[in-house]
Amino acid sequence: MFDDIDSLTHNINFLSTLCGIVASAVVVLLWVTFIDRGPAADRLKAVTQHRDSLESITTKKKNSRRSQIQKISLIKQIVERFKLAQGRSMDELRLKLRRAGYHSRDSMFVFLFAKLACMIGFAATSVFFFLVVKVVDMDPMFLLLAPLLATAAGWMFPDMFLKNMSQKREEVLRKAMPDALDLMVICAEAGLGLDATFDRVSREIAPTCAELAEEMGLTGVELNFLPERHKALRGLSDRVPLPSVTALVNTLIQTEKYGTPLAAALRTLGGEMRNDRMMKAEEKAAALPAIMTIPMILFILPPLFIVLIGPAALKVSAIMHGQG
């Protein structure tokens, strides 16, 4: 009997302990679910996640920058090894690159390396297709001449690409110059200085024309750091070889030299640029009929003749066959 009482007591103690453990677990779960979900904890968690994301982004940028530096160093070694920088006017090449929008100092080495890579790639491709695969049957003299022509084409291809980029960039800058001049007039009338005007215009025009904003911002920085201000303005005309930019630079230099009102000069120059832009648009519109003549003759008149003369021709043919 006493054994049964001891066993029952032991079971009751075990159940009591188990219920206590379960109740404690329930309390902990309720605390985590309802109480620990406060705004302070959420903010702390968000701050921690944001800090971790910033650290990961910084690490990725450092790794990317380190790999980029290693690549540029390797490119410089290859260019110096093959002596590609010798025998060329580096100032002229740097100016061409800046006109195309490449202002980095390392862009010159990348361009020379691209010329070497294109030359080797074009030559290897021509050798593979003309001498190994023999896609066409040609005279052996022409087969030997093809890699030489491909090598020359590969050497000139980066220059052609750079020239095309410069022309496209100049066209974008030409279209955006009148708007930039209007903003410069507003800044000059508000009493801003020349360097502050360039900085403000570069910020305002960035959403519509990033190329012109880059040139304006660079000119503003040069105006602040160069001892002679006209050199900074001449640098703008050198980087952007447009008549409108040259006229702007000459106007700014004259106002700096003789003290003439800047706003009036810019307003007059802006009106001339807008008139020039309108005249170019009218010239394109006037040349449109002459441009459309050949497409009309080739693609519009033949279907028109078929629609107009086709039914009559079919009737005449049917009548002729009926009489026959």
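At a glance:
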item	result
Phi-based couplings in Hz for the range 308-322 (Karplus 6.51, -1.76, 1.60; Gly and Pro marked x)	7, 8, x, x, 5, 5, 5, 5, 4, 5, 5, 5, 4, 5, x
Cβ-derived FRET efficiency at R0 45 Å, K280 paired with L314, nearest 0.05	0.35
Relative contact order of the range 105-188, defined on C-alpha pairs under 8 angstrom at six or more residues apart (%)	35
The range 173-230 shape via C-alpha gyration tensor axes, a/c threshold 1.5	oblate
Relative contact order (%) - criterion: Cα under 8 Å, at least six apart; region: the range 171-285	30
Protection proxy ranking of 305-312, 218-225 - average other beta-carbon atoms within 10 Å, highest first	218-225, 305-312
The range 158-224: relative contact order as a whole-number percent, Cα under 8 Å and 6+ apart	30
Cα-based shape type of the range 272-324, given that a ≥ b ≥ c are square roots of the gyration tensor eigenvalues and the cut on a/c is 1.5	prolate
Dimensionless Rg over Rh [the range 107-151; C-alpha; Kirkwood]	1.14
Per-selection metrics, the range 55-199 (Cα): Rg and Dmax in Å	22.4, 74
Distance in nm between pseudo-label sites at R105 and K175 (7 Å out along the Cβ direction from Cα)	3.6
Shape category assigned to the range 211-268 from the gyration tensor of Cα positions, a/c cut at 1.5	oblate
Spacing of the two label points (7 Å from each Cα toward its C-beta) at N224 and F161, in nm	3.5
q = 0.14, 0.17, 0.22 Å⁻¹: log10 I(q)/I(0) that the Debye formula gives for the range 171-285, counting C-alpha atoms only	-0.52, -0.78, -1.35
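No lab work stands behind these numbers, since they all come straight from the coordinates. Because the structure is predicted, anything quoted here is derived from the model rather than measured. Note that we place each Cβ from the backbone using ideal geometry, even for glycine, and neighbour counts take in every protein chain shown.
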